[in-house]
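The values are calculated or read from the model by the stated rules, or taken from the named source; none is laboratory data. This structure is a prediction, so every number in the text was calculated from the model and none was measured. Positions of Cβ are backbone-derived with ideal geometry, glycine not excepted, and every protein chain shown enters the neighbour counts.
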Amino acid sequence: MMAVASALFAMLVFVAVPPLGAEEVKIVGRDFAFDAPAVLRAGMTTFVFENPGELRHEMIIARLRHDVTEQQIKDAHQAGIPLRKQMEQFGDGEILGILLARPRQNSAGKLLVELVSGRTYLIICQIEDPQGIPRHNVLGMYRTFKVE
């Protein structure tokens with residue numbers, strides 16, 4: 001019984017404490033735009049998400065294929081292409097993570113991601129509000145960043 005309790009405690013400490021040396025990056029999700037760095041350093045990165053806006057937002061992070069341009073991403077969002085189709089077309093693997101934040105709040109958790117040098121990543125909010133507002137990415141709530 002003591003061994004099980006020790007193992008559970010070790011898992012909780014591992015999850016709760018970010019790795020040493022992980023850079024923390026704050027992403028701000030305003031109503032229909034992200035404030036985020038254009039370039040980040042490679043390595044373990046802890047993302048935090050702040051929402052000062054009037055609406056609920058999410059921050060989805062995905063790695064893009066090498067040959068994808070920012071113009072292709074812009075065109076896809078303006079055309080209203082759903083995230084699943086965008087990931088089939090432009091993504092390099094699965095979505096890396098999601099953080100949610102209610103209006104005027106921070107996300108309850110953080111997201112730890114291993115950023116790869118030379119790659120481009122997409123940050124996107126796909127939420128569609130019940131008031132009839134289009135998906136937030138169609139209104140401009142997406143951004144890319146490069147990793148060096």
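Would you mention how many residues in segment 107-144 are within 13 Å of the chain's Cα centre (by Cα), closer than 25 Å to G21 by Cβ and outside any strand (DSSP E or B)?
Qualifying residue count for the region: 3.
From the list D129, D92, pick out the single residue that is closer than 18 Å to A76 by Cβ, among the charged types (D, E, K, R), surrounded by fewer than 17 Cβ atoms within 10 Å (Cβ to Cβ) and in contact (Cβ under 8 Å) with a residue 24 or more places away in the chain. Even if it seems obvious, please write down each step before you answer.
Numbers: D129 fails: closer than 18 Å to A76 by Cβ.
Only one candidate passes the filter, namely D92.
All but one of (1) surrounded by fewer than 14 Cβ atoms within 10 Å (Cβ to Cβ); (2) touching an Asp or Glu at 6+ places or on another chain (Cβ under 8 Å); (3) closer than 30 Å to Q131 by Cα hold for D31; which doesn't?
The number of the failed condition is (1).
Looking at segment 37-65, which of its residues are part of a strand (DSSP E or B), over 13 Å from Q126 (Cα atoms) and charged (D, E, K, R)?
Across segment 37-65, the qualifying residues are E50, R63.
Among (1) touching a Leu at 6+ places or on another chain (Cβ under 8 Å); (2) at pLDDT below 90, which single condition is G21 missing?
The one condition G21 does not meet is (1).
Quick one: would you say V68 is part of a loop (DSSP other than H, G, I, E, B) and closer than 23 Å to A38 by Cβ?
Numbers: part of a loop (DSSP other than H, G, I, E, B): yes; closer than 23 Å to A38 by Cβ: yes.
Yes; evaluated as a whole, the condition is true for this residue.
Failed condition for I98, given (1) within 17 Å of H136 (Cβ to Cβ); (2) exposed (fewer than 13 other Cβ atoms within 10 Å of the Cβ), with all others met?
With respect to (1) within 17 Å of H136 (Cβ to Cβ); (2) exposed (fewer than 13 other Cβ atoms within 10 Å of the Cβ), I98 is out only on (2).
Output the number of residues of segment 97-145 satisfying the condition of being polar (S, T, N, Q) and over 22 Å from P82 (Cβ atoms).
Residues flagged as polar (S, T, N, Q) and over 22 Å from P82 (Cβ atoms) within segment 97-145 amount to 4.
Return the pairs, sorted by first residue and then second, in which the second residue is outside any strand (DSSP E or B) and polar (S, T, N, Q), the first residue lies in segment 34-62 and is over 25 Å from R84 (Cα atoms), the beta carbons are less than 9 Å apart, and the residues are 6+ apart or on different chains.
Every condition considered, the pairs that remain are R41/S117; A42/S117; G43/S117.
Taking segment 45-75 as the region of interest, how many residues are crowded, with 16+ Cβ neighbours inside 10 Å and under 17 Å from I95 (Cα atoms)?
Total satisfying the criteria: 14.
Going residue by residue through segment 25-45, is there one that turns out to be among the small types (G, A, S), within 18 Å of the chain's Cα centre (by Cα) and at pLDDT below 95?
no
For segment 87-106, give me the residue count where each residue is assigned to a loop (DSSP other than H, G, I, E, B) and among the charged types (D, E, K, R). Spell out the reasoning first.
Applying the first criterion (assigned to a loop (DSSP other than H, G, I, E, B)) to segment 87-106 yields 102-104.
Then keep just the ones that are among the charged types (D, E, K, R); that gives 102, 104.
Residues that pass the stated criteria total 2.
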